[in-house]
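Structure record follows, encoded as structure tokens.
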Amino acid sequence: MKALKKIVALCLVMCVVMALALPTWAEEVEKININKATVEELTRLKGVGHQYAQRIVQYREEHGPFASAEDMTKVPGIGPKTCEKNRDRITVE
């Protein structure tokens, strides 16, 4: 019984330590402003290669800034799935 109490106490201590350390383990997501990003910066988005990044820049130059992340789907070849995969990474400031 004494050993069981020690194990439970150790587990509780470990849970507290992990809960306090969790924010330091979380990875900060890089934000990419699709209204200002270069082709190279846009290729950091999931599912966006060099060719699609060039299309995004070209569309932006021809039609003006994007009003929302969803507007990126107006670019030929960029669909809702690509937009959804990058929702937490895209800004339009």
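The values are calculated or read from the model by the stated rules, or taken from the named source; none is laboratory data. Just so you know, these numbers come straight off a predicted model, no measurement behind them. Please note: Cβ atoms are built from the backbone with ideal geometry, for glycine as well, and neighbour counts cover all protein chains shown.
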>> Out of everything in segment 72-82 that is under 18 Å from residue 36 (Cβ atoms) and in a helix (DSSP H, G or I), what residue ends up being farthest from the chain's Cα centre (by Cα)?
In response: 74
> Is it the case that residue 76 is at pLDDT below 85 and not hydrophobic (A, V, I, L, M, F, W, C)?
Replying inline: no
